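Shown next, in structure tokens, is the structure this report addresses.
The values are calculated or read from the model by the stated rules, or taken from the named source; none is laboratory data. Values in this document were obtained by computation on a predicted structure and should not be read as measured data. Positions of Cβ are backbone-derived with ideal geometry, glycine not excepted, and every protein chain shown enters the neighbour counts. Please note that ligands, DNA and RNA were not included when accessible areas were found on the heavy atoms of the full protein model with its side chains. Shrake-Rupley method; radii C 1.70, N 1.55, O 1.52, S 1.80 Å.
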Amino acid sequence: MEEVEQSREQLVEELEALRLRVRNLELARTESDLRVRLESLNRSIVAAGVGAWEWNRHTNLATWSDENFRHGGRRARGGAAQDLPAVRAGGRLLDPSVRRGGA
């Protein structure tokens, strides 16, 4: 009976290990798919000549694409989307330097 219980416990452990491996593979595939979609979106943004931003209302940070910086005549630091303090003005989110009259 003890041998059966050990075999059962071993099978349960192996099953859990397999479930974890499957989950990790699913996460890796999803992450890869998201990365491909983000690259496609970024190429589309550049091709269209439009900017993109996202505002996190919990942190009050706006993430700007490089195109937004180019539209504003500013240079993006670090070449990647950046988090900037969001400034609410007239229902729009503005770069803080715009509020101060430019950098």
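Side notes on the structure shown:
- The stretch 26-77, residues that are touching a helix residue (DSSP H, G or I) at 6+ places or on another chain (Cβ under 7 Å) and part of a strand (DSSP E or B): Trp53
- Annotation note: of Arg8, Arg43, Arg29, Arg23, the sole residue that is at pLDDT below 95, among the basic types (Lys, Arg) and more than 30 Å from Gly73 (Cβ to Cβ) is Arg8.
- Taking residues in the stretch 55-68 that are over 19 Å from Asn42 (Cβ atoms) and open to solvent by less than 70 Å² (accessible area, probe 1.4 Å), and partners anywhere that are modelled with pLDDT under 80 and of a type in the set (Gly, Ala, Ser), the pairs with Cβ atoms closer than 6 Å and at least 6 places apart or on different chains are Asn60/Ala86.
- Single unsatisfied condition, Arg35 versus (1) of a type in the set (D, E, K, R); (2) at pLDDT 85 or above; (3) touching a strand residue (DSSP E or B) at 6+ places or on another chain (Cβ under 8 Å): (3)
- Residue satisfying all of: in the stretch 50-68; of a type in the set (D, E, K, R) and at pLDDT 80 or above; farthest from Leu38 (Cα to Cα) among these: Arg57
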